[in-house]
Amino acid sequence: MRNRFNHRATVLLRVASVTPDSIGAELGLLPGTELLSVNGRRLEDFLDWEFLTADDAFVLRARLPSGQDLECDIERPEGMPLGVALEPPRIRRCANHCDFCFVDGNPTGMRGSLYIRDDDYRLSFRYGNFATLTNLKPWDEARIAEYRLSPLYVSVHATDPVVRRWLLRNPEAPDIVAQLGRFAERGIRFHTQVVLVPGVNDGVVLERTLVDLYGLGAAVLSVSVVPVALTEYSKHNLVQAPSAEQCRVALAAVDRWAARAVVERGHPWCFGADDLYLQADAALPPAPWYGDFEQRENGVGAVRYLQTRIAAAAGRYGDWTGRRVGIATGTAMASLMPQVVETLARETGGAFEILPLQNDLFGTSVTTAGLLPGAAFLRALRERPDLDLALLPAESVNDDLRFMDDLDAHVLAAQVPMEIRLSYDFADVLAGGSADGRMNGLNDASTGAPSADPAIPPSAGGER
Ligand code: SF4
């Protein structure tokens, strides 16, 4: 108890900004105000704040930057926001040391946040970041249950405790099946992933993992099998990428379990990442296979999701007849892109060119578009005056519009001869009067770039 008290005593929750004319402003809250407690319960982080202030009436204790203490008896009309934005939370650090850790695979000179090993169940609930749950304290488990933080996105990797501890390089990692089972009894649900490391958690280990996760019943909403991604800086003496044959074997296991789940549960449940299909040289399942695409951020169904989004915007695309559009992407997507581009060309009349870029920051083995450095885009685009527009993957910049190598997207846009737009799915910047609208024109002062809540990064770095 003593430790728990000390732990909590060091945590502060501060106001970053207050909306004018809001309840927060009326109460006199200011940027820098420490939010201490609600109804006598100490506030540790944004989750406490959101859940404890969800009622229409509560007592807030706070300390203004001047040191003055406030006690506010708040009653508000149902649903009216308080108008208080919080400072970013302190990210929970990872307790593991996986050989395939993405952070270890980072070269020097990148955005600072990319060196953080995050493993944070709060961001798992909020943003769908994967967490291993190996750093949970008893009070974390209690609040996950109390606040019903569900679904959580969990990196399982293997349910065999010995193999999992080996993979995570963490001898203290708890038995994940027992842990998930305890949460399941309290109504928590999970999307899970297995990062496939050949020779470690494939074959019979993968089979046992799928048996165990399936055995947890409805609590495990999905499981994805994702081939391990390495960079040139990864520990290649300790972990290898799977071969095409190893991907095919894993895919066969995925297919077997998916077929069983379709019969018994009415949905596939077990999914291969797009990368697994690519590396196995197998065709992707059709879009309906992925249901609500709940693991698309994990590269599961991402291609089909893209096609679905493009098709959904049919009839709303701007007229790009006679104009040339470059689509800059990683080498992974390049081979899948022609089927996507075909629809775009038909809808817009434009001439689309796919620009597959190699990742010379992480190495050519890293093929995802979201990890491309700004320098790669700059090199590919600066000598291309024939292009009217270039679409860049929005995932490749952070909320401050900086690429992996810290290049500012505005600086990039100023150095290339065409208009630049950051796009998640093409429809977001090409549909809806886009030809002249520069909805997302970085070449302008205003970017209009899609952005997550700037207070909390969708992913700080390590866990994926
Ligand atoms: S951040 Fe993820 S990959 Fe890196 S050590 Fe932690 S759990 Fe492993």
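Between the residues Val156, Ala229, Ile74, the greatest Cα displacement towards the positive end of the dipole of the chain, with unit charges on the Cβ of Lys, Arg, Asp and Glu, is found for Val156. Rounded to the nearest 20 debye, the dipole size of region 191-293 about its Cα centre is 220 debye, using +1 on the Cβ of Lys and Arg and -1 on the Cβ of Asp and Glu.
Which Cα, out of Ala85, Thr108, Ala142, lies furthest along the positive dipole direction of region 65-154 (beta carbon charges, K/R +1, D/E -1)? Going by the charge dipole, the pick is Thr108. Taken as entire DSSP H runs, the helices of the chain that both span 27 Å or more between Cα atoms along their own long axis and average -1.0 or more on the Kyte-Doolittle scale are 244-265.
Every pair of different Cα atoms in the chain enters the Kirkwood calculation, which places the hydrodynamic radius at 24.1 Å.
Excluding ligands, DNA and RNA, the accessible surface per residue across the chain is 44 Å² with a 1.4 Å probe. In the chain, helical runs assigned H by DSSP with n ≥ 4 each contribute -39500 (n - 2.57); averaged across all residues and rounded to the nearest 500, the mean residue ellipticity at 222 nm is -8500 deg cm²/dmol. Stokes-Einstein diffusion of region 316-368 at 25 °C, 0.890 mPa s viscosity, Kirkwood radius from Cα pairs, rounded to a whole number: 206 µm²/s. Each of Met80 and Val162 was given a label point 7 Å from its Cα along the Cα-to-Cβ line. The distance between the two points is 6.3 nm. Solvent exposure of Asp120, expressed as accessible area, is near 0 Å², computed with a probe of 1.4 Å over the protein chains only. Across Lys137, Lys235, the residue with the most accessible area heads the list, and the full order at a 1.4 Å probe is Lys137, Lys235. The listed residues Glu44, Glu294, Glu78, Glu71, once ranked by accessible area (1.4 Å probe) with the largest placed first, stand as Glu78, Glu71, Glu294, Glu44. Element breakdown for region 63-205 at a 1.4 angstrom probe: carbon and sulfur atoms account for 52% of the accessible area. If you plug the beta carbon distance of Arg265 and Arg208 into 1/(1 + (r/R0)^6) with R0 = 25 Å, you get a FRET efficiency near 0.80.
Taking every alpha-carbon pair under 8 Å whose residues sit at least 6 apart, region 111-209 reaches a relative contact order of 29 percent. Within the shell of other residues whose beta carbon sits under 11 angstrom from the beta carbon of Thr209, the net charge comes to -2, with Lys and Arg scored +1 and Asp and Glu -1. Placing unit charges on the Cβ atoms only, positive for Lys and Arg and negative for Asp and Glu, gives the chain a dipole magnitude near 920 debye about its Cα centre. If R0 equals 56 Å, the separation of the Cβ atoms of His236 and Asp69 corresponds to a calculated FRET efficiency of about 0.50.
Per-residue surface analysis assigns Thr331 an accessible area of about 50 Å², computed on protein heavy atoms at 1.4 Å probe radius. Assuming 0.890 mPa s and 25 °C, estimate D for region 240-331 with Stokes-Einstein, Rh taken as the Kirkwood radius over Cα pairs, in µm²/s. After rounding, the answer is 162 µm²/s. The alpha carbons of region 124-190 occupy a box of 31, 21, 17 Å along the principal axes, longest dimension given first.
What the Cα atoms of region 53-200 give is an Rg and a Dmax of 19.3, 61 Å.
Once all protein chains are placed together, Glu34 keeps about 40 Å² accessible to a 1.4 angstrom probe. Of the residues Tyr127, Ala380, Leu251, the one whose Cα sits farthest towards the positive end of the charge dipole of the chain is Leu251 (charges of +1 on Lys and Arg Cβ, -1 on Asp and Glu Cβ, taken about the Cα centre). Around the amide H of Gly272, modelled in the peptide plane, lie the amide H atoms of Val225, all under 5 Å away and 5 or more residues distant in sequence or on another chain. Rounded to two decimals, the Cα radius of gyration of region 335-404 over 2.2 N^0.38 Å is 1.19.
Rounded to the nearest whole Hz, the Karplus-based 3J(HN,Hα) values (6.51 cos²θ - 1.76 cosθ + 1.60, θ = phi - 60°) of region 404-411 follow the sequence 3, 8, 6, 6, 6, 4, 5, 5, with x at glycine and proline. Mind listing the long-range amide H neighbours of Ala16? Cut-off is under 5 Å, sequence gap 5 or more, other chains count too, H placed in the peptide plane at 1.01 Å from N. When sequence neighbours closer than 5 places are left aside, the close amide H contacts are Gly32, Ala85, Leu86, Glu87. Across the chain, C-alpha contacts under 8 Å between residues 6 or more apart give a mean separation that, scaled by the residue count, equals a relative contact order of 13 percent.
The values are calculated or read from the model by the stated rules, or taken from the named source; none is laboratory data. Everything quoted here is computed from the prediction, not taken from an experiment. Note that each Cβ is placed from the backbone with ideal geometry, even for glycine, and that neighbours are counted across all protein chains shown. For accessibility, only protein heavy atoms count, side chains too; no ligands or nucleic acids. Shrake-Rupley method; radii C 1.70, N 1.55, O 1.52, S 1.80 Å.
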